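Take a look at the structure set out below.
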Amino acid sequence: MRRKARSSQGLDPTRRRRRLMGMLARKGYPAGLAHRLISELLWDEQAEDGVDQGDSDPDGTAESFLESP
C-alpha cells in the first residue's frame, strides 16, 4: 500500500484516499479496516513531513475504542 501511496502523493487528498480504498477493496479488505489503514498511513506521512496534526481525538474515545475487546 505504501508504494501506491507514494505514487499518488501529488494528488488531491480525497482522490488519493478513494484510490487507496479501491485498491484495498479489490484485495478483499473490509471497508472499516481499509479506512483505518489509510488514515494511519496518511497520518504517518504528515508526521514525517512535520505537519501539525492538532488533536484529532479531543475526547480520547479513539484510544478507548482500540483497547476494547
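The values are calculated or read from the model by the stated rules, or taken from the named source; none is laboratory data. Only a predicted model underlies this, so the values are computations on that prediction, with no experimental measurement involved. Positions of Cβ are backbone-derived with ideal geometry, glycine not excepted, and every protein chain shown enters the neighbour counts. Surface accessibility is based on the protein's heavy atoms, side chains included, excluding ligands, DNA and RNA. Shrake-Rupley method; radii C 1.70, N 1.55, O 1.52, S 1.80 Å.
Before moving on, here are some points about what is shown:
- Computed over protein heavy atoms with a 1.4 Å probe, the accessible surface of region 1-42 works out to 72 Å² per residue.
- Residue 26-residue 6 pseudo-label distance in nm [points 7 Å out on the Cα-to-Cβ vector]: 1.9 nm
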